[in-house]
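First up is the structure itself, then whatever we jot down about it.
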Amino acid sequence: MTRYILSRLGYMIFTFLLIASLTFFLMQTLPGSPFNDERLSEAQEKILNQRYGLDEPVAMQYFKYLGNVLVGELGVSFQFDGRSVTTIIGERIGVSAILGAQAMGLGLVLGGLLGIIAAVRHNTFMDYTAMIIAVLGLSIPNFVFAGLLQYWVGVRLQWLPVAFWQGFEYSILPTISLAAFVMATIARYMRSEMLDVLGQDYITTAHAKGVDRWKVIRKHGIRNAMIPIITIVGPLTVSLMTGTLVVEQIFSVPGLGEQFVNSILTNDYPVIMGVTLFFSLLFIAVIFVVDILYGIVDPRIRLSGGGRN
Amino acid sequence: MESLIQEFGFLEVDEISIPEQKLTDDLFEVERQLDKDVEVISQKPVSYLGDSWKRLKKNRGAIIGLVLIIIIIFLALAGPYMNSHEFDEQNLKISNLPPKVPALEHVPFLGLDGKDIEGQDTYAVKNVDGYYWFGTDNLGRDVWTRVWEGTRISLYIAFLAALLDLLIGVTYGSISAYYGGKIDNVMQRIIEVLIGVPNLIVIILLILVLQPGIVSITLAMVITGWVNMARIIRGQVLKLKGQEFVLASRTLGAGDTRLIWRHLIPNSIGPIIITTMFTIPTAIFTEAFLSFIGLGLQPPIASLGTIVNDGFELIQIYPHMLMFSSIIISLIMISFNLLGDGLRDAFDPKMRK
């Protein structure tokens with residue numbers, strides 16, 4: 001187990017360094033410099049370049065950059081004068097985290113219920129309905145769904161606020177938009193896992209002993225079916241992260257995703273790089289934690305040579 | 001034989017030689033006449049693909065998906081030529097017209113009667129005759145033509161990305177699994193690192209540098225997209241290469257290339273098709289997503305994603321622009337997912353749940 005964790009940790013660090021290097025060199029290839037202003041004299045430009053370390057050789061800049069990244073120093077925004085990228089991320093991550101957690105919670109609960117109902121009532125009308133909902137949730141792009149919700153519930157029916165972030169009711173529509181995909185994915189997995197578990201011998205045994213039908217489903221069925229669900233929580237977190245990019249933009253939620261999209265629109269490269277690295281780190285960390293967790297929960301999986309099959 | 005005799009001179013030639021007699025039919029006789037029809041296969045043998053197709057036909061969802069895909073592809077190819085409007089033909093006098101369709105305009109609840117959301121007949125106000133089936137956008141361009149033109153480009157990007165994923169993934173995966181050992185080890189380590197890279201982030205970074213365009217968007221998707229295919233093919237080939245038919249083929253003198261291309265890959269066709277079917281909607285989504293965050297195709301070229309994005313700006317006053325493009329992009333995604341699910345069940349009945 002320790003060896004496995006260490007090797008995964010090694011991969012994690014290597015992958016992160018790779019992404020950090022990729023961001024650095026991709027940004028190097030962009031034409032122009034931030035101080036490409038005709039009003040600046042040559043001497044002033046030299047001073048500025050010196051101050052930001054842009055006069056040093058690329059290799060030197062690269063190692064400095066890596067060093068800064070490792071201590072969480074991500075540079076200064078072009079757009080917001082003199083504010084560090086780390087501060088911007090810090091200010092905005094809270095809102096995104098709340099939104100993400102709500103969406104994940106809602107999606108897990110609804111998806112789980114939908115999947116269980118579908119499996120217990122296998123091949124009935126309820127099963128088909130649940131699976132149609134799941135296919136719709138998987139297929140309809142999140143920005144389309146968010147747009148439709150905003151238009152119908154917000155603009156036409158005026159039940160809920162259309163945009164901004166000033167209280168719980170403002171978070172309902174963005175949460176639903178994000179939760180749809182999570183719900184659909186969980187529902188499908190839950191259904192197939194439940195069907196698998198309900199076909200096992202120990203379920204027949206429990207029935208034969210005369211245990212109440214719902215008790216069997218609750219104690220034996222759902223509990224065992226939930227184990228493999230852990231593996232998809234990782235990819236789902238990632239999809240939530242990318243989902244926030246568009247959903248926050250649509251509902252004008254002041255989170256990290258909205259900041260990222262706006263930085264792309266305004267070419268604020270330090271922020272783009274910083275948020276990219278931050279997202280990557282989160283992504284890598286989530287996959288790592290999920291791998292380890294799964295190894296602990298289900299000891300049958302191979303621990304050496306890559307846990308995920 | 002000749003060399004054997006030369007080497008072991010003591011062997012008498014007629015002791016080992018086989019009689020020169022030809023094997024003719026009259027040397028044989030049928031033992032039990034009655035059983036002669038027992039071994040005849042009465043039905044035409046069913047191929048793997050034929051068998052899967054038979055199962056697929058029973059899956060209603062998959063067939064609906066398949067029919068929808070065919071209709072959408074047809075409209076994407078032929079739709080823009082069904083009326084006389086050009087996709088980049090601007091005319092500000094007829095901007096923001098609501099949809100109006102002959103015959104269907106008399107069905108009140110469909111909203112295809114050329115009236116805007118306040119119930120005003122814009123066609124009469126602006127003195128426009130003729131029909132714009134999906135209405136016009138803020139520059140007076142025909143939305144019907146633009147939507148299908150955009151669908152064509154979205155599908156083109158998706159198919160191209162899926163094809164490249166397929167080529168790279170299949171080659172990489174089969175080489176890695178077939179040669180095994182050190183080669184496999186190194187190739188798997190590379191994959192292990194790439195798996196940890198968040199796809200969308202890399203795609204966004206690449207587009208920032210490469211500038212959005214059909215080729216750059218496709219390439220950015222392929223750079224990270226092939227990994228999934230490679231892993232699936234590797235698993236398949238690993239499973240297959242230990243089987244007897246591979247050994248038999250090798251014994252008969254088949255080389256590596258022949259084994260990989262003629263035996264291992266054709267036997268993995270099921271997972272290959274399924275994975276491709278799921279790559280296409282993902283690519284369509286990714287492309288639309290990029291348009292949405294401002295990294296999509298630049299005008300005058302438009303994809304479904306950019307049209308959806310344009311529609312958002314006018315959602316409150318002219319919702320029709322968003323509606324049609326959203327419905328079509330959702331339909332494409334739904335059909336490919338339905339077909340993909342159906343194919344998965346059809347190719348692997350054991351997995352069916």
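The values are calculated or read from the model by the stated rules, or taken from the named source; none is laboratory data. Just so you know, these numbers come straight off a predicted model, no measurement behind them. In this analysis, Cβ positions are derived from the backbone assuming ideal geometry, glycine residues included, and neighbour counts consider all displayed protein chains. Heads up: the accessible areas ignore ligands, DNA and RNA and are worked out on the full protein's heavy atoms, side chains in. Shrake-Rupley method; radii C 1.70, N 1.55, O 1.52, S 1.80 Å.
Round to a whole number: what % of the accessible area of the stretch A:86-257 belongs to carbon and sulfur, probe 1.4 Å?
Working: 5090 of 7700 Å².
C and S fraction of accessible area: 66 percent.
Solvent-accessible surface of the stretch A:86-257, taken per residue with a 1.4 Å probe and all protein chains present: 45 Å².
In the stretch B:286-314, the residues whose accessible area drops by at least 10 square angstrom when the other protein chains are added to the isolated chain are B:A288, B:F289, B:F292, B:I293, B:G294, B:L295, B:V308, B:F312; the probe is 1.4 Å and only protein heavy atoms count. Counted over the stretch A:86-257 with a bin width of 10 Å, the fraction of Cα pairs per bin, in whole percents, is 10, 33, 29, 17, 8, 2, 0.
Rounded to the nearest 100 Å², what's the accessible area chains B and A bury against each other, both chains counted, probe 1.4 Å? Intermediate results must be reported in sequence, preceding the final value.
Working: alone 21440 and 17750 Å², together 35270 Å².
By this definition, chains B and A bury close to 3900 Å².
Burial annotation for the stretch A:242-262: residues with an accessible-area loss of at least 20 Å² between the isolated chain and the complete set of protein chains, computed on heavy atoms with a 1.4 Å probe, are A:T242, A:L245, A:V246, A:I250, A:F260, A:V261. A:L148 sits with roughly 50 Å² accessible to a 1.4 Å probe, with DNA, RNA and ligands left out of the calculation. Taking chymotrypsin sites (Phe, Trp or Tyr not before Pro) as exposed when DSSP calls them loop and at most 12 other C-beta atoms lie within 10 angstrom, chain A has its longest site-free stretch at A:1-158. Model label points for B:Q298 and A:L157, set 7 angstrom from Cα along the Cα-to-Cβ axis, are 4.2 nm apart. Kirkwood hydrodynamic radius, chain A, all distinct C-alpha pairs: what's the number in Å? Its Kirkwood hydrodynamic radius stands at 22.5 Å.
On a per residue basis, the convex hull of the C-alpha atoms belonging to the stretch A:159-269 measures out at 123 Å³.
What do you reckon, how do B:V209, B:V193, B:V46 stack up by accessible area (1.4 Å probe), largest on top?
Descending order: B:V46, B:V209, B:V193.
Over the stretch A:74-147, what lengths in whole Å, largest first, do the semi-axes of the equivalent ellipsoid take, defined as the square roots of 5 times the eigenvalues of the alpha-carbon gyration tensor? Mind showing how you got there, number by number?
Numbers: eigenvalues 344, 38, 10 Å².
They are 41, 14, 7 Å, listed from largest to smallest.
Label sites at A:K64 and B:A254, each approximated as a point 7 angstrom past Cα along Cα to Cβ, lie 6.0 nm apart.
Compared with its chain on its own, the stretch B:153-199 contains the following residues whose accessible area drops by 10 Å² or more in the full protein assembly (probe 1.4 Å; ligands, DNA and RNA excluded): B:R189, B:E192, B:V193, B:I195, B:G196, B:V197, B:P198. Within the accessible surface of the stretch B:206-353, defined with a 1.4 Å probe on protein heavy atoms only, the carbon and sulfur portion equals 62 percent. Within chain A, the longest run free of exposed loop sites, counting trypsin sites (Lys or Arg not before Pro) that sit outside DSSP helix and strand states (H, G, I, E, B) and have at most 16 other Cβ atoms within 10 Å, spans A:122-299.
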